[in-house]
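The values are calculated or read from the model by the stated rules, or taken from the named source; none is laboratory data. Keep in mind the model is a prediction, meaning the values are calculated, not measured. Cβ placement follows ideal geometry from the backbone for every residue including glycine, while neighbour counts extend to all protein chains displayed. Ligands, DNA and RNA are excluded from the accessible area calculation, which covers all protein heavy atoms including side chains. Shrake-Rupley method; radii C 1.70, N 1.55, O 1.52, S 1.80 Å.
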Amino acid sequence: MSSIEKMMFADIAGVDSDLDAVLDIISSCGCFHMENAAVAHSSQSKAAPKRENPYTSTLKMMSEIFGITGIKPHQADCSDIHDSDADKIRDEVHTMRNNLQKLRAEQKKAEEEYSSHTMALEQVMHLSGGEGVGSMNIDFQKIFACQHIKVRFGRLPVDSYDKLPYYNDKNFYFLAYGRDKEYCYGFCFAPASDIEEIDKILESLYFDRIHLPDFVHGNAGEASQALKDDIELDKKNVEDCRKKIQDFAEENREKLCKYYSKFKAMHDTFELREKVLLIRDKFYIVGFVPAADAERFKKYFEDLKSVSLIIKPCTESGDIEPPVKLKNNKFAEPFSMFVDLYGLPAYNDINPTNFVAITYTLLFGIMFGDVGQGLLVLILGIILWKTKKMTLGRIMERLGVSSMIFGAIYGSVFGYEDLMDPLYASMGISFLPFKAIHNINTVLYAAIGIGIAIIIISVIVNMIMGFKDKDLERALFSNNGLAGLVFYCSLLGLLLGSMLGFKVGGPVYVICLIVLPLFVMFLREPLGDLVKGKGFHLHESVGDFIAANFFECFEYLLGYATNTLSFVRVGGFVLSHAGMMSVVLSLADMSGKFSPLVMVLGNLFVICLEGLLVGIQVLRLEFYEMFSRYYAGGGKAFKPVTVNYDEIIE
């Protein structure tokens with residue numbers, strides 16, 4: 001198993017005047033996990049008074065500037081900026097923000113005018129003539145200024161326009177001035193006294209009324225030219241504003257990033273005050289430091305003579321649970337992603353990453369054994385890691401190598417099961433017993449055997465952890481302890497002997513190695529109390545105890561059976577992989593000249609589909625068949641105090 005980084009408990013105390021300096025240290029050292037000091041100092045203490053963060057408003061103004069200019073903030077060297085410069089910078093940022101807001105308002109206004117003029121021009125262009133109708137030479141304002149005649153400008157669907165003759169008896173006239181594939185554009189004239197009735201008729205004909213803006217003057221030609229001139233002016237105004245904003249961004253980019261870095265650091269440092277405790281004029285800070293960084297952490301406080309720093313073992317942290325930092329070797333490191341997914345171990349628990357890395361890699365290779373396809377998985381993993389820095393890519397590298405190794409044992413290369421036989425024959429090696437299609441029973445029995453071995457190892461690990469934690473109920477009497485191990489192995493021996501024709505068992509064997517361990521598991525709770533010195537007693541009535549533990553023992557029996565048989569899926573996927581590739585080969589043989597294309601597409605399909613399914617199934621085996629026996633999770637991650645420059649305060 002991998003190990004867990006050893007932690008030390010840090011207790012810091014000092015006077016109020018040194019608080020800012022201490023917070024600066026712990027936020028920049030990168031190795032201090034801060035806890036709420038109220039848990040460690042519960043008497044005569046009070047939390048540091050909650051105050052509004054004085055740097056939030058400036059960061060919000062910077063966020064507005066970044067939004068307007070498109071500047072992407074990043075961490076910059078701000079060592080030449082002092083805390084005393086904060087007020088001056090705040091005023092400068094305020095001025096920048098106001099100037100940019102004015103520019104942005106001008107740009108937005110120009111964009112709105114551009115949009116309005118463009119839409120108006122589109123409508124006016126429909127009045128420039130069409131289908132034998134000349135351009136409209138009447139001033140629009142004069143038309144709409146009529147008192148006794150009401151005018152409606154808009155568009156009618158072509159089908160509705162063709163229905164207008166049905167309304168010849170109605171007192172209105174539709175004058176078309178433009179037409180496209182879907183609509184006829186024009187004016188509808190009607191007496192003011194009849195306009196309500198005419199509006200209803202137009203509505204039934206799906207008339208879409210268009211309101212010409214007040215700034216449209218003159219006839220169609222004059223209005224079109226005026227709008228085109230306005231549009232060109234709008235474009236120029238928009239571009240001018242954009243250029244001013246762009247020039248501002250280029251000129252002030254580095255300065256703003258330096259300001260942002262300084263204020264973000266001060267902001268995040270100030271937020272740490274929530275976990276600081278005050279007793280009169282003194283402050284108290286507690287947290288954890290990795291043992292390997294303890295000496296380096298001490299050196300940061302050498303110049304603060306009035307600050308007390310005490311580093312002590314985690315056992316003296318009181319009610320504060322130490323955080324967990326996993327320590328893994330290079331091979332197992334990426335598999336910590338799966339451990340995080342399930343839940344980090346408690347500080348005194350085990351780090352299962354190595355076990356996960358080995359079992360996951362082996363099981364995936366067994367279930368997805370193919371030299372060619374494993375090579376593609378390896379290459380894809382390398383690409384994902386090198387280009388995207390994806391942890392999954394590093395896992396795929398290891399899985400690809402495992403698939404290639406087992407593929408070589410199976411003799412499978414892109415589904416061709418016999419491709420490597422001549423090579424092995426020349427070396428005097430025969431891998432025929434490992435070919436899945438020819439040895440189905442062997443594959444399934446081997447899968448169950450692998451499952452049995454993994455379950456036994458998981459139980460042994462749980463026993464070791466039980467002894468380490470001095471939890472004898474867990475180590476000796478539970479279904480995943482010594483009693484469960486003896487019961488499981490003895491039952492397997494009885495079944496295996498029966499299958500092979502050996503005479504295994506007898507009354508003594510059954511009573512001592514099967515019945516007695518099962519009875520111990522039945523009494524695990526009172527036996528656990530007994531070895532803890534609490535005496536042998538039941539926590540409920542005899543009837544309730546018997547009923548509850550009977551069903552739990554029955555559940556244990558089902559669990560052993562289902563967990564063991566669950567590993568049949570390992571052999572199932574070995575056979576499934578061979579079966580799917582045999583289908584691909586058959587399709588390729590029937591495809592004639594398209595055979596290479598079918599083989600390429602078929603292999604890609606199998607890699608994507610079965611690779612995903614195998615990955616999920618192996619993860620299920622890890623979580624449900626292994627972790628459930630020896631691992632609980634529930635730990636909290638080690639999170640050193642740092643400045644989060646990626647967080648934008650809006």
Worksheet item: At a Förster distance of 35 Å, what's the computed FRET efficiency of E302 paired with D87, Cβ-Cβ distance as r, to 0.05?
Response: 0.65
Practice prompt. Would you mind checking which residues have amide H under 5 Å from F32's amide H? H placed 1.01 Å from N; only 5 or more apart, or other chain.
Written response: V641
Response to the item:
Log10 I(q)/I(0) at q = 0.27 Å⁻¹ for region 52-104, from Debye over equal alpha-carbon scatterers, is -1.20
Discussion item. If I stretch the segment between I616 and I279 completely, what's the gain in nm (0.36 nm per residue apart, minus their alpha carbon distance), one decimal?
Written reply: 116.0 nm
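Could you tell me whether the chain comes out rounded, prolate or oblate from its Cα gyration tensor? Rule is a ≥ b ≥ c as square roots of the eigenvalues, rounded for a/c under 1.5, then prolate if a/b exceeds b/c, otherwise oblate.
The shape class here is oblate.
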Worksheet item: Could the peptides 69-79, 564-574, 607-617 be put in order, highest first, of the mean number of other beta-carbon atoms found within 10 Å of their residues?
Response: 564-574, 607-617, 69-79
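Assuming a ≥ b ≥ c are the square roots of the Cα gyration tensor eigenvalues, decide whether region 181-299 counts as rounded (a/c under 1.5), prolate (otherwise, with a/b larger than b/c) or oblate.
In terms of gyration-tensor shape, prolate.
What do you get for chymotrypsin sites (Phe, Trp or Tyr not before Pro) in region 259-341 restricted to DSSP loop and a cutoff of at most 11 other Cβ within 10 Å of the site's Cβ? Before the final figure, lay out each step's value.
Numbers: sites: Y259, Y260, F263, F270, F283, Y284, F288, F297, Y300, F301, F331, F335, F338; in loops: Y300, F301, F331.
Qualifying residues, ordered by number: none.
Placing +1 at every Lys and Arg Cβ and -1 at every Asp and Glu Cβ, with all other atoms neutral, what dipole size does region 342-404 have around its Cα centre, in debye to the nearest 20? Before the final figure, lay out each step's value.
Details: 5 positive and 3 negative charges, 60 e Å.
Around 280 debye, computed over region 342-404.
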Worksheet entry | Within the accessible area of the chain (1.4 Å probe), percent carbon and sulfur | 59 percent
Item to complete: Quick one: compute the contact order of region 491-650, relative version, from alpha carbon pairs under 8 angstrom and 6+ residues apart, as a percent.
Response: 11 percent
Fill in: Farthest toward positive dipole pole in the chain [+1 Lys/Arg, -1 Asp/Glu at C-beta], among L121, S224, F263
F263
Discussion item. 7 Å from Cα along Cα→Cβ at both V158 and K244: what's the point-to-point distance in nm?
Written reply: 4.8 nm
Worksheet item: Add -39500 (n - 2.57) for each DSSP H run of 4 or more in the chain, then divide by its residues: what number comes out at 222 nm, to the nearest 500 deg cm²/dmol?
Response: -18000 deg cm²/dmol
Practice prompt. Counting only heavy atoms of the protein chains, get the accessible area per residue of the chain (1.4 Å probe) and round it to a whole Å² value.
Written response: 53 Å²
Worksheet item: With a ≥ b ≥ c the root eigenvalues of the C-alpha gyration tensor of region 248-344, is it rounded (a/c under 1.5), prolate (a/b larger than b/c) or oblate?
Response: oblate
Worksheet item: Can you give the relative contact order of the chain as a percent, counting alpha carbon pairs under 8 Å and 6+ residues apart?
Response: 21 percent
Worksheet entry | For a label point 7 Å along the Cα-to-beta-carbon line of D340, residues of region 1-35 with backbone N under 16 Å | 5
Worksheet item: So if we plug the beta-carbon distance of K639 and D80 into 1/(1 + (r/R0)^6) with R0 = 30 Å, what FRET efficiency do we get, rounded to 0.05?
Response: 0.50
Item to complete: Tell me which residues come under 5 Å, amide H to amide H, from M7 once H is placed; ignore anything under 5 positions away on its chain.
Response: A291
Worksheet item: Whose amide H sits under 5 Å from the amide H of C184, counting only residues 5 or more places off or on another chain, with H placed in the peptide plane?
Response: L156, V158
Fill in: Residues in region 371-399 reached by a label modelled at S595 [backbone nitrogen below 20 Å; 7 Å Cα→Cβ]
372-373
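Would you mind calculating the gained length between D469 and C512 on full extension (0.36 nm times residue separation, minus the Cα-Cα distance), in nm to one decimal?
Gain in length upon complete extension: 12.7 nm.
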Worksheet entry | Projected label distance in nm at T387 and L538, using a 7 Å step from Cα toward the beta-carbon | 6.7 nm
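Helix by helix through the chain, keep the DSSP H runs that span 24 Å or more along the axis on Cα and average at least -1.0 on Kyte-Doolittle, and give those back in order.
Values: long enough: 86-125 (57 Å, -1.20); 220-271 (66 Å, -1.22); 371-388 (25 Å, 1.49); 391-410 (29 Å, 0.82); 440-468 (42 Å, 2.02); 482-500 (27 Å, 2.08); 542-566 (35 Å, 0.64); 568-590 (33 Å, 1.29); 595-620 (36 Å, 1.74).
Helices passing the filter in the chain: 371-388, 391-410, 440-468, 482-500, 542-566, 568-590, 595-620.
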Worksheet item: Once fully extended, how much extra length lies between N53 and T562, figured as 0.36 nm per residue of separation less the alpha-carbon to alpha-carbon distance?
Response: 177.5 nm
